1. Limited to the stretch 111-140, what total is found for residues that are within 23 Å of the chain's Cα centre (by Cα) and either of a type outside the set (S, T, N, Q) or loosely packed, with under 15 Cβ neighbours inside 10 Å (or both)?
2. How many residues does the stretch 141-159 hold that are buried (at least 19 other Cβ atoms within 10 Å of the Cβ) and not hydrophobic (A, V, I, L, M, F, W, C)?
3. Which of the numbered conditions does VAL52 fail, given that it passes all the others? Conditions: (1) at pLDDT below 90; (2) open to solvent by less than 70 Å² (accessible area, probe 1.4 Å).
4. Being in a strand (DSSP E or B) and under 18 Å from the mean Cα position of the chain (by Cα) is the filter; apply it to the stretch 90-110 and report the residue that is surrounded by the most Cβ atoms within 10 Å (Cβ to Cβ).
5. Which residue, of TYR41, TYR33, TYR59, is part of a strand (DSSP E or B) and modelled with pLDDT under 95?
6. Just checking, how many residues over the stretch 65-89 are crowded, with 18+ Cβ neighbours inside 10 Å and within 16 Å of VAL152 (Cβ to Cβ)?
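The values are calculated or read from the model by the stated rules, or taken from the named source; none is laboratory data. Source: prediction; values computed, not measured. Cβ: placed from backbone, ideal geometry, glycine included. Neighbour counts: every protein chain shown. Side chains are part of the model used for accessible areas, which takes the heavy atoms of the whole protein and leaves out ligands, DNA and RNA. Shrake-Rupley method; radii C 1.70, N 1.55, O 1.52, S 1.80 Å.
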Amino acid sequence: MKKFLITSLSILSLSSIPFNDVSAVTNDGPDKYIAYNGTVYEASSKSTYKDVDWTYSHYNPSSTTDTVTYQVSRTKSATASVSSSAEFGIMKNGVNIGSEVSLNTSNTISYSVTYSIPPRSKYLLRAGSERVKTNGYIVRYSNGKVSSKKYVSGNWSYRGFSDKVKQ
């Protein structure tokens, strides 16, 4: 069994290890090691972006602010190349971004959005979902050593957004 020597240990070095999976084991000698048993997601890449589902160009020619409300829709979805919801949960924990829906589901919702358009201006109104796209490895550790490593990728929505862009 391979042992990891620890001479000084900082909180930062343990920040990616879930505390409920860490067990400190001391042998008879002065050396100490952590026998880590658990599963983590190690992201190779992670990006967040806005997925625009609805747009409208609105021009306000008047000298007063125009307040407009539109009925819009957006899609909530989650896909990942994992074999279970538990592995999807490990991915979400690894990137620290939750999902609006369960793994491999999608649904469209409708809702109202209100915008204020300043006088004599033109804006592109937008609504949609904020999403995360990631790929990396689900890694299983046994006694501090990698016991398995599987490449996975995923893309899911985590909240809605609406904004306006001056034209």
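1. Step one: filter the stretch 111-140 for residues within 23 Å of the chain's Cα centre (by Cα), giving 126-140.
Those left that are additionally either of a type outside the set (S, T, N, Q) or loosely packed, with under 15 Cβ neighbours inside 10 Å (or both): 126-128, 130-133, 136-140.
Of the residues in the stretch 111-140, 12 are within 23 Å of the chain's Cα centre (by Cα) and either of a type outside the set (S, T, N, Q) or loosely packed, with under 15 Cβ neighbours inside 10 Å (or both).
2. Summing the residues that are buried (at least 19 other Cβ atoms within 10 Å of the Cβ) and not hydrophobic (A, V, I, L, M, F, W, C) in the stretch 141-159 gives 2.
3. Evaluating VAL52 over (1) at pLDDT below 90; (2) open to solvent by less than 70 Å² (accessible area, probe 1.4 Å) leaves (1) as the failure.
4. Initially, the stretch 90-110 is screened for residues in a strand (DSSP E or B), giving 105-110.
Filter again for under 18 Å from the mean Cα position of the chain (by Cα), leaving 105-106.
Working: THR105: 13, SER106: 11.
By that ranking, first place goes to THR105.
5. Details: TYR41 fails: modelled with pLDDT under 95; TYR59 fails: modelled with pLDDT under 95.
Answer to the check: TYR33.
6. Just the residues of the stretch 65-89 that are crowded, with 18+ Cβ neighbours inside 10 Å, to begin with: 72, 74, 76-78, 80, 82, 87-88.
Checking the rest, the ones that are also within 16 Å of VAL152 (Cβ to Cβ) come to 78, 80, 82, 87-88.
Residues flagged as crowded, with 18+ Cβ neighbours inside 10 Å and within 16 Å of VAL152 (Cβ to Cβ) within the stretch 65-89 amount to 5.
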